[in-house]
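Taking it in order: structure first as structure tokens, then the write-up.
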Amino acid sequence: MSAIRRIDGELWMEGVRLAEVAARFGTPCYVYSRAAIETAWRAFDDALAGTDHLVCYAVKANSNLAVLGLLARLGSGFDIVSGGELARVLAAGGRPDRIIFSGVGKSEEEMRAALSAGIRCFNVESEPELERLDAVARAMGVRAPVSLRVNPDVDARTHPYISTGLKGNKFGIAHHRALAAYELAARLPNLRVTGIDCHIGSQILDMAPLEEALERVLELAAAVAARGIPIAHVDVGGGLGIRYREEETALDIGRWCAAVVARLAGSPYSLVLEPGRAIVGNAGVLLSRVEYLKLDKDRRFAIVDASMSELIRPALYEAWHEIVPLAAPDRPEALYDVVGPVCESSDVLGTDRRLAIAPGDGIAILSAGAYGMVMSSNYNSRPRPAEVMVDGARAVQVRARETTGSLFAGESTLD
């Protein structure tokens, strides 16, 4: 991660020593690099220069207002999946006409909020959703812009929990039913067809399934247009993978964008992309502190103050995050399982990690900017951590640490 480097054995993010961040804001604590986020977003926008396009950041990856605000000022669009994400984007200064609303279970209330805001498009995922959206738009006296999310039945070759493009997944409209769904959308008087959408999964490291999905979507777009239903934009989704460990190779953003541009050359379509992890994943770290070393078992355990409540990806997906000390002390390394204090055997952040650590030492869990804080919970009644944005030589708290009292502020006992 380019925002992270060691200087005289100390871990720094941009111009800030991470040990100072841990001391000032406490641990566990999420820390993000402004420069890394902006650089990653510009990599997409620059690669598509000269092409009619919109880079819509996938808000579900990291929805902190400071992150959204940075991207809004760059001119980013936003891919949302809930009414809450819509409210966050608007609060952060995002433009409604650059918002695309995805997700399989949109409620009537969420549809009304999005129509009132004047969003760019709904990515519709079923025929019943088309009918509901038409009824909601009719009651409001408006026409809803729609794009159909098509499930192309393409294997993304990623973890099954984050694969979304197979016919057995809950997402999208089956490829063989898509033409009929477009004809239904065209008949419904309060809908306006604007595009076609596809998203086959997350943490994709191979271009082949993305290219296969694009071919199937473009074939379908041509068939839809032949029925007299105009398609203005093609949304190729997101899912581009990042490098979590040394042996992985991240998907080449420039190469992928160039391939899409070349394939769309001469077509009437504008282009929409929905990257999330690729923008924020390697821009963030989770800081933690070693509480105990437990050495009397068959395995050596480093018990830290972060847990699956703060970072659930290892427990949920068996995801791998590099774990490094904040300082490089002069002591021998040993092999540890890095675990948290939550009362679950699955509360493991990393296994078989070679570390030179002692109780009280700070550690950083790298590549934690995506699907970290947004998936955190209060399990075991643990307050969620602070979030900090590093901007050059300054570190700014962009979300305060929850207090114990805030955990039950909305609850009450029976009389």
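Can you say whether residue 339 is of a type in the set (A, V, I, L, M, F, W, C), free of Cβ contacts under 8 Å to residues at least 40 places away in the same chain and touching an Asp or Glu at 6+ places or on another chain (Cβ under 8 Å), as far as the supplied structure shows? Show your work before the answer.
Working: of a type in the set (A, V, I, L, M, F, W, C): yes; free of Cβ contacts under 8 Å to residues at least 40 places away in the same chain: yes; touching an Asp or Glu at 6+ places or on another chain (Cβ under 8 Å): yes.
When the stated conditions are applied, residue 339 passes them.
Which members of the range 118-145 meet the condition of being within 14 Å of residue 182 (Cα to Cα) and in a loop (DSSP other than H, G, I, E, B)?
125, 126
When you check residue 225 against the structure, is it in contact with a strand residue (DSSP E or B) (Cβ under 9 Å, 6 or more places away or on another chain), farther than 30 Å from residue 366 by Cα and part of a helix (DSSP H, G or I), yes or no? Spell out the reasoning first.
Details: in contact with a strand residue (DSSP E or B) (Cβ under 9 Å, 6 or more places away or on another chain): no; farther than 30 Å from residue 366 by Cα: yes; part of a helix (DSSP H, G or I): yes.
So residue 225 does not fit the description; no.
Just to confirm my filter: which strands (runs of 3 or more DSSP E) fall fully inside the range 263-333 and include at least 2 residues that are of a type in the set (Lys, Arg) and either surrounded by fewer than 24 Cβ atoms within 10 Å (Cβ to Cβ) or in contact (Cβ under 8 Å) with a residue 60 or more places away in the chain (or both)? Even if it seems obvious, please write down each step before you answer.
Numbers: elements: 270-273, 284-294, 301-304, 323-325.
Correct list: 284-294.
May I ask you to say which residue of 333, 411 is over 19 Å from residue 24 (Cβ atoms), of a type in the set (Asp, Glu) and out of contact with any strand residue (DSSP E or B) (no Cβ under 9 Å at 6 or more places or on another chain)? If you could, list the steps in order and put the result at the bottom.
Working: 333 fails: out of contact with any strand residue (DSSP E or B) (no Cβ under 9 Å at 6 or more places or on another chain).
Checking each option against the conditions leaves just 411.
Part of a helix (DSSP H, G or I), exposed (fewer than 15 other Cβ atoms within 10 Å of the Cβ) and modelled with pLDDT of 95 or more: does that describe residue 114? Break it down into steps so the answer makes sense when it comes.
Working: part of a helix (DSSP H, G or I): yes; exposed (fewer than 15 other Cβ atoms within 10 Å of the Cβ): no; modelled with pLDDT of 95 or more: yes.
No: the conditions fail for residue 114.
So residue 210 passes all but one of these: (1) modelled with pLDDT under 95; (2) closer than 27 Å to residue 351 by Cα. Which condition number does it fail?
Every listed condition holds for residue 210 apart from (2).
Name every residue in the range 1-26 that is in a loop (DSSP other than H, G, I, E, B), touching a helix residue (DSSP H, G or I) at 6+ places or on another chain (Cβ under 9 Å) and more than 14 Å from residue 370 (Cα to Cα), in order of residue number.
The initial filter retains those residues of the range 1-26 that are in a loop (DSSP other than H, G, I, E, B), namely 1-3, 8-9, 14-15, 26.
Okay, now just the ones that are also touching a helix residue (DSSP H, G or I) at 6+ places or on another chain (Cβ under 9 Å), so 1-3, 14.
Scanning the range 1-26 gives 2, 3, 14.
Quick one: how many residues across the range 93-108 are modelled with pLDDT under 95 and of a type in the set (A, V, I, L, M)? Walk me through how you get there before you give the answer.
Of all residues in the range 93-108, those modelled with pLDDT under 95 come to 103-105.
Subset that is of a type in the set (A, V, I, L, M): 104.
Residues in the range 93-108 being modelled with pLDDT under 95 and of a type in the set (A, V, I, L, M): 1 in total.
Within the range 45-103, which residues are within 16 Å of residue 238 (Cα to Cα), part of a helix (DSSP H, G or I) and without any contact (Cβ under 8 Å) to a residue 40 or more places away in the chain?
45 - this is the single residue of the range 45-103 that is within 16 Å of residue 238 (Cα to Cα), part of a helix (DSSP H, G or I) and without any contact (Cβ under 8 Å) to a residue 40 or more places away in the chain.
Among the listed residues 396, 390, 342, identify the single one that is surrounded by 15 or more Cβ atoms within 10 Å (Cβ to Cβ), in a strand (DSSP E or B) and aliphatic (A, V, I, L, M). Before you say what the answer is, go through the steps one by one.
Working: 396 fails: surrounded by 15 or more Cβ atoms within 10 Å (Cβ to Cβ); 342 fails: in a strand (DSSP E or B).
Answer to the check: 390.
How do the pairs read when you match residues in the range 237-256 that are closer than 17 Å to residue 201 by Cβ with residues anywhere that are assigned to a strand (DSSP E or B) and of a type outside the set (A, V, I, L, M, F, W, C), using Cβ under 7 Å and keeping only pairs 6 or more apart or on different chains?
These pairs meet every condition: 237/197; 239/201.
The values are calculated or read from the model by the stated rules, or taken from the named source; none is laboratory data. Bear in mind that the values here come from a model prediction, so they are computed numbers and not experimental data. With ideal geometry, Cβ positions are generated from the backbone for all residues, glycine too; neighbour counts draw on all protein chains shown.
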